[in-house]
């Protein structure tokens, strides 16, 4: 190869930036064709480059670095803008550029009529650049750069159609919640910096912490607590980006943006940043069983919580949004039980089928002139045959039907969670070693596995509910849309087909084995020792669960069950007033399952969500602003002597404390 | 001529300084406020000279000289500013000049 | 004897200073300025007691002779009637400020009176001492303090420019 | 002697430029525009900058003439400050040349006042003696009082000048009170002599009075809470380029002077044994300053006031650098992060105010967020520069502001004399809040439809001013090695340590009066 393989990383990272610069600065004058070409080609070439780099790695070569420039190289301080291509970042890069490219292509059709077409592509490319910094950076600072960058770009993209106050509020909410998360991330980063004496490079960190990992059992309490604090702070950051409880609230609202944006940012890439970060720092997280258990618990709770909410949504994108939150919960459950490989596996397959589902929903919305309520659709398989087939594949994949991608990855996670419980012969011993981790939390992980299975049931149900209501039954929307649908063009259909294929074959890629080299020794030990009674029975159980969900959805929305409402309505007229049309199931379900879950959930999360985030964050910020405004009016009243009084009072306080 | 202990001088200086400070804080008339600032500077001069006398060296005198010079410079600019304020507001009351706030 | 003079001058200084900020005859700033002149003269007396002859002369020349005259000149120029001045407005914030100043002053005075080193009277100067004369102070000014001295000229220049800019009617 | 004059050349050149343009103004045709005077000032300041660069490259110089040496120190610390102040002054001047006619206050004295103000700042950072520092501070302050009110037909400008003047003179009183006690305790005002004295003697009660008064006085100049209240009013009322000079230049000079005074003169161990050391006071002041500044910045509607409060909160971050610094045997006076941060902050705020200057027209300035709406569509370049400044102030990579924060925070974390982790965490929280209002500017410029036709000043030099500042901010953020090296040099190379003894012998300090502490 004449080309140095290292420089491929430069192409991967900086081509999208180039695209963003060209489109952002000159896009207005370039015309649509050039904008399209620049926007898509840069990401496409980046994908091809990533493919080459991956092949290089796959042929048994060592992971490699590429130094973009010596950013800070003064005295004891070394921070480089350096990129690192190992098994993990290779996989992430492929997913990000691959799925990203398809979404770019899809956007050509979807955003074709927008007046700020060039600006959209500039933002999209900028987002790709930030995301690639996040996954390819070889140290915490570059990751932070990407971390902030994706946040900013997502803010720009959610706000792309900022015309009404509601959407502006969604943007604000996303912003505030992400700030809370980023704040945790930053604190964690600084604590880590403090603890690791300024080391920011992953490899150096890894060697630093693996020295301690050798004596993990005998880690001094102080260090152990510090590491736990670092991990928990970083996890707060991960919660913010990856929409976990209690910071998930921004994601459903963020659906205000264009649909391809949701597919790219809120399904395939940015929201996985938290999972990536924890996997990247697995050597650190493995040192803190408490943090790991917290992550697993939060993940499982998020999975079930979001899944139950997903069942009653009427907006096609909201369903997918809650489903994303729920699937991310699975990934966190996976990393929490040390099944890093399985989590990244699910991350990858989820990127395929969720991008597919979002793009499919985009095609549907596009066809329906912007209608998003699934109960105003129906029978769309007639109108959109290709979208229908691909959407079905995506739905099957997410529902966990054997043979499709989602099945394998979800299985791997649940297997990891279930198998952890009965581990006894873990090589590492001592107080708070891994065996204690596995031992103390064993029963708890079994519970979490069951929670995961229930969530899987819900997932199968609400996804097929979405599918059946949208593509089967009778059309219930307005006639105009039915008579004049916007048929998706090739630019929209080809990405759907490619993603559909990936949603099937993606499951056959041995991600867990592929990622083995990047795992720290304790994490590998944990993986090798998975075994339990539950894990043996797991596969039949989860297949059954998926089938029940699908059949139930069919029964209630397409099969004989759909007549139940009218049946009730004719017998019991009072019911009719309560549940008109098709809402019966929703109402019933709402009363019997969602309400109890939500009562519990609300009891648990009311405080966090409503008080902390909505109260202090979203509504509290304006309140603080108003209060501060009132206060400042009183203090800063323009009188010069009042300012002098403030100085003298400051002096008096100083005298009081110093005398 | 040297029976007075240092602490008396310093106390006198500090009292004068306090009187000047209170004048700055309480009087509305910009001219009087400015006079109070001059009082503060004089209090410092007194303290400096007392220290100089105590130590028997004249550095304190030089410092006092600089303070007088600076006070003169400030007086010129300050009174010019007060004139300017009067031209705009027809008043030299400090609390009449409070358009910039919050 | 010396103490008597000190007390007379000290009380005179404090009284006339207080008269600046609480003028005995209404709120007319002219009275304030006159009280200020008196205070400066008392201070000059104190400076003489401290054997700071040059500074005492400068005090009278510059402060009393130039600065206060400038004040009076401005007061006359503005021709402020005492009814224009409005009534004093004691506010809570001002009260807080006065309390804070009182507190700080008391603590500082407490410091000063507590310190044993400061309670010593100063050493006597020889009768032929040149302490505080123009010659010795000038000597210092043109040697050790030559740089700030030269800079003071710049300061005065800037002040002149500034005064012209701010006060001249037509530029 | 001749060598000394060459070494003092930055100061002398600036002084001559100030006098020269004053004369130039006298002989200029009063009916012609005064733009060329501004250009002459820029050229003169550039020459001074070149001289500074030459001296900095040689690593700082020792003044041989003893009477100069006791008053001024030309170490890399001071030279770094010179360079920064000169750059700020140049940018301010460039931003002013077309601003002044638009505000109907084009008088040639403006430029000489800017130059003299810079001279005062330079004297402040180079002063080896408190009285020299004080005279420098007064030169700067008097010039700035007048510049703040330079738009004298505007009542707001006059109000700004008046407020700044009265509070400034008030703060001067406290500075002098403290200075008197420095003299009383040590018999000198030379920083090295003071340091030597306090290395041998317990500062005692004198120390407490000195520290308190100095904190009040410097707290005023750097706008630390609660001595900050003049800042928003004065920045709002002043001409925008002058607000930039205050935020960038005055604050830089005040911080460097503060660093020199506290780290050199009061840096000894004895000062840390006071009831509460000054470091601890600055620790709390830093927390208070950045928090209050940030929260109040959020509620502002006027961009200039927002920038004023943001500059207050930045003072808090810079104070972290001061707290983290420690002088070692007269060697390292400060952590290098402090210098880098000052550079990033000064250039970003001067640039931001230069962009804001564009919005003034016809003697009026009304710079609310709403008036920024759609700014980017009319003035793409200015908006882009503003984005860079906002990103830098918010600490977003790859701008200098990010690195400045990073370096200051790492300095603080590496500090061994105090546990500064809590301070850094508070600072991190605050910088997260800060992003909100900086981003607001960007959102208004790019995402809102313009509410009215823009009446802006179209001026090439102004564009050069903020363009240059933006360029430096980005370059320093992206290729920071050189700047970091310079900062480290400014922080450590301190040739004046050797001259401390000579200073003491020159000033002929009498034996200290015996004072017993407490």
From the residues in region D:182-192 that are assigned to a helix (DSSP H, G or I) and under 26 Å from the mean Cα position of the chain (by Cα), which one is surrounded by the most Cβ atoms within 10 Å (Cβ to Cβ)? D:182
State which residue is nearest to the chain's Cα centre (by Cα) when the search covers only region A:632-641 and only residues that are part of a helix (DSSP H, G or I) and within 9 Å of chain B (Cβ to nearest Cβ). A:632
Selection over region B:1-52 where residues are over 22 Å from residue C:30 (Cα atoms), modelled with pLDDT under 90 and buried (at least 24 other Cβ atoms within 10 Å of the Cβ) yields a count of 1
Residue D:171 is checked against (1) buried (at least 24 other Cβ atoms within 10 Å of the Cβ); (2) in contact (Cβ under 8 Å) with a residue 24 or more places away in the chain; (3) part of a helix (DSSP H, G or I) and fails just one. What number does that condition carry? (1)
Unique match (being at pLDDT below 85 and more than 29 Å from residue A:17 (Cα to Cα)) among A:209, A:183, A:162: A:209
Return the total of residues in region D:475-487 being in contact with a strand residue (DSSP E or B) (Cβ under 8 Å, 6 or more places away or on another chain) and surrounded by fewer than 21 Cβ atoms within 10 Å (Cβ to Cβ). 4
From D:370, D:374, D:360, D:380, residue being free of Cβ contacts under 8 Å to residues at least 24 places away in the same chain and over 30 Å from residue D:276 (Cβ atoms): D:380
Residue D:136: touching a strand residue (DSSP E or B) at 6+ places or on another chain (Cβ under 9 Å) and at the interface with another protein chain (Cβ under 7 Å from one of its Cβ atoms), yes or no? yes
Would you be able to say whether some residue in region D:358-380 is assigned to a helix (DSSP H, G or I) and either at pLDDT 90 or above or within 30 Å of residue D:259 (Cβ to Cβ) (or both)? no
Residue count, region A:106-122, condition in a helix (DSSP H, G or I) and surrounded by fewer than 24 Cβ atoms within 10 Å (Cβ to Cβ), comes to 4
Need a quick list: helices (runs of 4 or more DSSP H) entirely within region A:428-514 having at least 3 residues that are modelled with pLDDT of 80 or more and within 30 Å of residue A:338 (Cβ to Cβ). A:442-471, A:490-505
Looking only at region D:424-474, count every residue that is within 11 Å of another protein chain (Cβ to nearest Cβ) and either surrounded by 23 or more Cβ atoms within 10 Å (Cβ to Cβ) or in a helix (DSSP H, G or I) (or both) and tell me the total. 20
What number of residues within region B:39-66 satisfy the criterion of being under 22 Å from residue D:161 (Cα atoms) and facing chain C (nearest Cβ under 7 Å)? 1
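Rundown of residues vs (1) without any contact (Cβ under 8 Å) to a residue 60 or more places away in the chain; (2) under 18 Å from residue D:248 (Cβ atoms), yes/no style:
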{"position": "D:29", "(1), (2)": "yes, no"}
{"position": "D:32", "(1), (2)": "yes, no"}
{"position": "D:38", "(1), (2)": "no, yes"}
{"position": "D:45", "(1), (2)": "no, yes"}
{"position": "D:48", "(1), (2)": "yes, yes"}
{"position": "D:51", "(1), (2)": "yes, no"}
{"position": "D:58", "(1), (2)": "yes, no"}
{"position": "D:99", "(1), (2)": "no, yes"}
{"position": "D:102", "(1), (2)": "no, no"}
Just one listed residue, out of D:276, D:210, is modelled with pLDDT under 90, within 14 Å of chain A (Cβ to nearest Cβ) and farther than 30 Å from residue D:352 by Cα, and it is D:276
I need every pair where a residue in region B:67-86 that is more than 7 Å from chain C (Cβ to nearest Cβ) has its Cβ under 7 Å from the Cβ of a residue that is outside any helix (DSSP H, G or I) and at pLDDT below 95, sequence separation at least 6 or different chains. B:85/B:92; B:85/B:97
Which of the residues that make up region D:148-164 are within 7 Å of another protein chain (Cβ to nearest Cβ) and not in a loop (DSSP other than H, G, I, E, B)? D:155, D:156, D:158, D:159, D:160, D:161, D:162, D:163
Just one listed residue, out of D:39, D:67, is part of a helix (DSSP H, G or I) and more than 30 Å from residue C:144 (Cβ to Cβ), and it is D:39
Mind counting the residues in region C:122-140 that are within 7 Å of another protein chain (Cβ to nearest Cβ) and loosely packed, with under 15 Cβ neighbours inside 10 Å? 2
Identify all residues within region D:421-434 that are within 24 Å of the chain's Cα centre (by Cα) and at pLDDT 85 or above; write none if there are none. D:423, D:424, D:426, D:427, D:428, D:430, D:431, D:434
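The values are calculated or read from the model by the stated rules, or taken from the named source; none is laboratory data. Keep in mind that what you see is a predicted model, and the values were worked out from it rather than measured. Every residue, glycine among them, receives a Cβ derived from its backbone with ideal geometry; neighbour counts consider all protein chains shown.
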